[in-house]
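Input: a single structure, listed below in structure tokens.
No value in this document is a laboratory result; all are computed from the given coordinates. Since this is a predicted model, take the numbers as computed values, not measurements. Cβ: placed from backbone, ideal geometry, glycine included. Neighbour counts: every protein chain shown.
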Amino acid sequence: MNDLKPHVFEPIMQENASTRMLALWRGAEQRFGIGLTLHDHVGAFIMPDNSRLLPKCNVHRFPCCVYKQGNHSQCIAHCRNKAMELGAIYKRPFHLRCWRGIHETVMPLFRGNEHAATIFAGAYRDEISQKEYSAGYRKLYEKMIPWSNTQGSYLADALYTIGYALLGIADNLREEYTFEPGRRGIIQRFLSRQGCSDLGLEDLAEELELSVSRTSHLLRELFGKGYAELRNEERICRAELLLQEGLLIRDVARQVGFQNEFYFSRVFKKLRGIPPGAYRNKR
């Protein structure tokens with residue numbers, strides 16, 4: 001009997017992470033015959049060098065979502081705000097039907113108590129729809145597979161496995177990056193991981209095991225800046241990546257942690273010298 005040398009497969013590493021992760025994402029879409037959308041609430045899939053593990057996966061690109069019907073703010077209120085509220089309550093996969101009559105399975109991803117990201121999978125239509133749609137929208141709508149709870153349950157199990165596997169890979173890859181030694185490195189790692197979240201100076205102080213006042217002084221000593229300024233710099237770096245994908249400014253603002261798009265624009269212009277819209281058009 002001949003001894004065959006086993007083939008050792010190349011792991012996902014920093015050098016190939018974006019390509020391999022995106023291939024896994026697209027492969028899951030093909031396997032289940034669906035579209036996947038990722039809302040990364042805290043930059044979990046953005047690495048310390050600002051490379052994105054899942055580029056261009058953060059917008060609903062289903063034909064019915066892209067179709068111009070109604071106000072875009074309704075989509076934001078539903079797919080971002082309502083989905084996040086329900087995700088924080090359920091903390092497990094759930095079914096969501098939007099104001100356009102589109103059904104999806106939604107998978108919130110958590111790191112402990114932190115709602116890190118949300119995956120949307122779909123899209124499906126009503127089995128029998130009584131709602132009035134325009135002729136153009138109706139034509140696209142009827143092409144979708146009708147929603148069923150059986151299909152949704154099957155998809156929920158798959159999303160749970162896929163979502164937490166990808167989140168785990170992202171966290172492992174982040175740990176491979178080299179930061180500066182000492183407390184300066186701890187602060188850099190914290191901002192890299194939590195820059196888009198609502199965590200503040202108090203949370204960083206807890207990470208450093210220092211008082212809030214001592215942490216504030218330490219930031220001035222090490223970086224010459226306060227926590228808010230350092231966090232804004234981290235957020236604007238990530239915003240540049242999203243703007244290059246042509247996203248709406250208000251969507252970018254929310255995704256990197258700004259609740260007010262006008263404040264986001266002011267901060268962006270202060271740090272980059274031009275408004276975010278001009279930056280996006282230039283790119």
| Where does helix 261-272 land angle-wise versus the long Cα axis of the chain, in degrees 0 to 90, nearest 10? | 50
| Cut-off under 5 Å, modelled amide H: who pairs with Ala123 long-range | Gly35
| field | Given Lys91/Lys131; Lys56/Lys269; Lys56/Lys225, the pairs whose alpha carbons are separated by over 26 Å | value | Lys91/Lys131; Lys56/Lys225
| field | Theoretical FRET efficiency, 1/(1+(r/R0)^6), r = Cβ-Cβ of Lys139 and Ala77, R0 25 Å, to 0.05 | value | 0.45
| message | Tell me the relative contact order for the chain as a rounded percent, counting alpha carbon contacts under 8 Å between residues six or more apart. | response | 17
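Are there GluC sites (Glu not before Pro) in region 185-249 that DSSP puts in a loop and that have at most 10 other Cβ atoms within 10 Å, and which ones?
Values: sites: Glu202, Glu206, Glu207, Glu209, Glu221, Glu229, Glu233, Glu234, Glu240, Glu245; in loops: Glu209, Glu245.
Sparse-neighbourhood loop GluC sites (Glu not before Pro): Glu209.
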| message | Just to confirm the filter: which GluC sites (Glu not before Pro) across region 101-131 are DSSP coil and have at most 14 other Cβ within 10 angstrom of their Cβ? | response | Glu127
| request: Provide the FRET efficiency to the nearest 0.05 for the Gln14-Glu132 pair, computing r from the beta carbons and using R0 = 35 Å. | output: 0.10
| query | Which value, in debye to the nearest 20, describes the size of the charge dipole of region 17-176 about its Cα centre when Lys and Arg Cβ atoms bear +1, Asp and Glu Cβ atoms bear -1, and nothing else is charged? | reply | 520
| request: Could you work out how far the C-alpha centroid of region 212-283 sits from that of region 134-149, in angstrom? | output: 39
| message | Helix 149-176 against the longest principal axis of the chain: what's the angle in degrees, Cα atoms only, rounded to the nearest 10? | response | 20
| On a 0 to 90 degree scale, rounded to 10, what angle separates helix 227-243 from the longest Cα axis of the chain? | 40
| request: State whether region 182-282 is rounded, prolate or oblate according to the following rule on the C-alpha gyration tensor (a ≥ b ≥ c being the square roots of its eigenvalues): a/c under 1.5 gives rounded; otherwise a/b larger than b/c gives prolate, and the remaining case gives oblate. | output: prolate
| field | trypsin sites (Lys or Arg not before Pro) restricted to DSSP loop in region 87-179 with at most 15 other C-beta within 10 Å | value | Lys91, Lys131, Lys143
| task | Could you check what % of the DSSP bridge pairs in the chain are antiparallel, to the nearest 5? | result | 90
| query | Which label belongs to the value computed from this structure, given these candidates for Cα Rg over 2.2 N^0.38 Å: (i) 0.98; (ii) 1.39; (iii) 1.11? | reply | (iii)
| request: Report the one residue of Cys196, Gly43, Val66 whose Cα lies farthest in the direction of the positive end of the charge dipole of the chain (charges on C-beta: Lys and Arg +1, Asp and Glu -1; origin at the Cα centre). | output: Val66
| field | Three-way shape label, region 87-141, alpha-carbon gyration tensor, a/c 1.5 | value | prolate
| Length added when fully stretched, Asp49-Phe110, from 0.36 nm per residue minus Cα-Cα | 19.7 nm
